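This report refers to the structure that appears directly beneath it.
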Amino acid sequence: YFQDLLNKSEKALYDAFPSIYGELYTQNMKVFKDLYSELRRYYRGSNINLEEALNEFWTRLLERLFKLLNPQYHITDEYLDCMVKHAEQHKPFGEVPRDLKVKATRAFIAARSYAQGFLVGSDVVKKVSQVSLSHECTRAIMKLMYCPHCRGMSSVKPCNNYCLNVVKGCLANQADLNTEWKYLMDSLVGVADRIDGPYNVDTVIGTIHMRIAEAISNLQENKDSLTAKVFQGCGNPKISTKGSSSEDKKRRGKATLEPKSSAQALEMLVLDAKGNLTALKTYWITLPGSLCSKKVMASSAADDKCWNGMTKGSYLPEVMGDGLANQINNPEVEVDITKPDMTIRQQIMQLKIMTNRLGNANIGNDVDFQDASDDMSGSGSGDSCPDDVCGKRLSKSPSTRQPETHAIPKQSGHGINGASSRSLPSAFLLLLSVAFIAAQHLWR
């Protein structure tokens, strides 16, 4: 949705500016293409200083337009350098550059941090689902699922509390994700409120072309005053031997671009996302209960005619708490609480890092996402610039004021959707699914 807003703004500029500005636009098309290219790269996570990119755009545009609006003079590169220095204090584009820089910076920081938050969450689920089961866990699941059949009690379901202890023991490390996972979900909800609120992402990103048109109109209206002040500060340039240009090059266009509001669409997207994020907050600690009710089809907690691991009857041991530390006395699975799974510990750290990024984005501070440019390109509608639109990318010198930098893992390239948000540990599910199919066959 964010990239589609940017694409539509870019297309609106290319459709309208030739008729509005004539050669003022056509001779400077690359300046506009480069701006949108930089904005798109920034959104996807490239190490670009957004304020510098916007400043360079206005500087390049001013240099080009100043020459075109004064074709009777021979203006050298040295003279343009002087002109830029003297013109900045006179605000040739009015208040548009300053206003757009403030609003666009906040909007793009929030938008790209939000999208990266989903990628990190999805990547955590993917990596955690690939963690192998221990031998003790495999043995406990086999006992849970198959032993009643060996005892001639194929129709007896496992006791719910018995199932919970087995699964909590098997997913003890995964449950330790809960705290940082909840913080990430809360942070995403917070940034979502900013996107649809103070940072006004829909309006800012979708109307960039209109702000540029407003800025050019300001320059045209103040052309004589600006030229006089520049000449006073930098001296009179030499008269050009090429003569003055056609009137078309000096065309004064008044932008008649109309905003196409889609604020309601953004509001619905944000509401839907917030609802799903809220539901996912306790994902890792509710996973055992979900598996026992949906995959194992355990009996109710009060049932005294369920499989308790030894026979048909009540299950007496108490249910263990969540997380690795609470499994020290697990009666069903032997868990070494002194050896946490390192893959999951690494994912806990990634959640902490991403939550910190979102916290910065929530207050408008920029954060650099290393190695993320390829991962955010994705696929589908709105993921890239329109055909015949993308210009050559600029190469920028490193910023003197670098944003905060964190390492980021290579993402899977897919956001959390309906399927991935409910991903379950693959090895565990595979084993449970096989066991469940076998159990159904035996119950027949």
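The values are calculated or read from the model by the stated rules, or taken from the named source; none is laboratory data. It should be emphasised that the depicted structure is a prediction, and the values quoted were computed from it without experimental measurement. Positions of Cβ are generated from backbone atoms using ideal geometry, with glycine treated the same way; all protein chains shown enter the neighbour counts. The area values use the complete protein model at the heavy-atom level, side chains included, leaving out ligands, DNA and RNA. Shrake-Rupley method; radii C 1.70, N 1.55, O 1.52, S 1.80 Å.
Between residue 276 and residue 146, the distance separating the two model label sites (each 7 Å from Cα on the Cα→Cβ line) works out to 3.8 nm. With all protein chains present, how much of the accessible area of segment 51-209 (probe radius 1.4 Å) comes from carbon and sulfur, to the nearest whole percent? Taking all protein chains in place, segment 51-209 shows 48 percent carbon and sulfur surface.
Distance check, please: which entries in 33/238; 127/281; 33/91; 157/312; 126/352 exceed 20 angstrom between their Cα atoms? As for pairs spanning more than 20 Å Cα to Cα, those are 33/238; 33/91.
Solvent exposure of segment 68-165, expressed per residue, is 43 Å² of accessible area, with all protein chains present and a 1.4 angstrom probe. Checking every one of the trypsin sites (Lys or Arg not before Pro) in segment 115-173 against DSSP loop status and a limit of 11 other Cβ atoms within 10 Å picks out no site at all. Fully extending the segment from residue 300 to residue 338, taken as 0.36 nm per residue of separation minus the present Cα-Cα distance, adds 10.4 nm. Extending 7 Å from the Cα toward the beta-carbon at both residue 222 and residue 132 defines two label points whose distance is 6.8 nm. With distances taken between every two different alpha-carbon atoms, segment 7-128 has a Kirkwood hydrodynamic radius of 16.7 Å. Please report the base-10 log of the normalised intensity I(q)/I(0) for segment 110-180, using a Debye sum with one equal scatterer per alpha carbon and no solvent, at each q in 0.13, 0.18, 0.22, 0.23 (1/Å). So the normalised log intensities work out to -0.56, -0.81, -0.99, -1.03. On the basis of the beta-carbon distance and an R0 of 22 Å, residue 236 and residue 91 show a calculated FRET efficiency of 0.45.
With a simple spin-label model that places each label point 7 Å from the Cα along the Cα-to-Cβ direction, the separation between residue 352 and residue 325 comes to 1.4 nm. When the P(r) of segment 175-226 is calculated, the portion above 17 Å amounts to 62% of the C-alpha pairs. Sorting the Cα pairs of segment 81-226 by distance into bins of 5 Å, from 0 upward, gives 2, 7, 11, 10, 9, 8, 8, 7, 6, 6, 5, 4, 4, 3, 3, 3, 2, 1, 0, 0 percent per bin.
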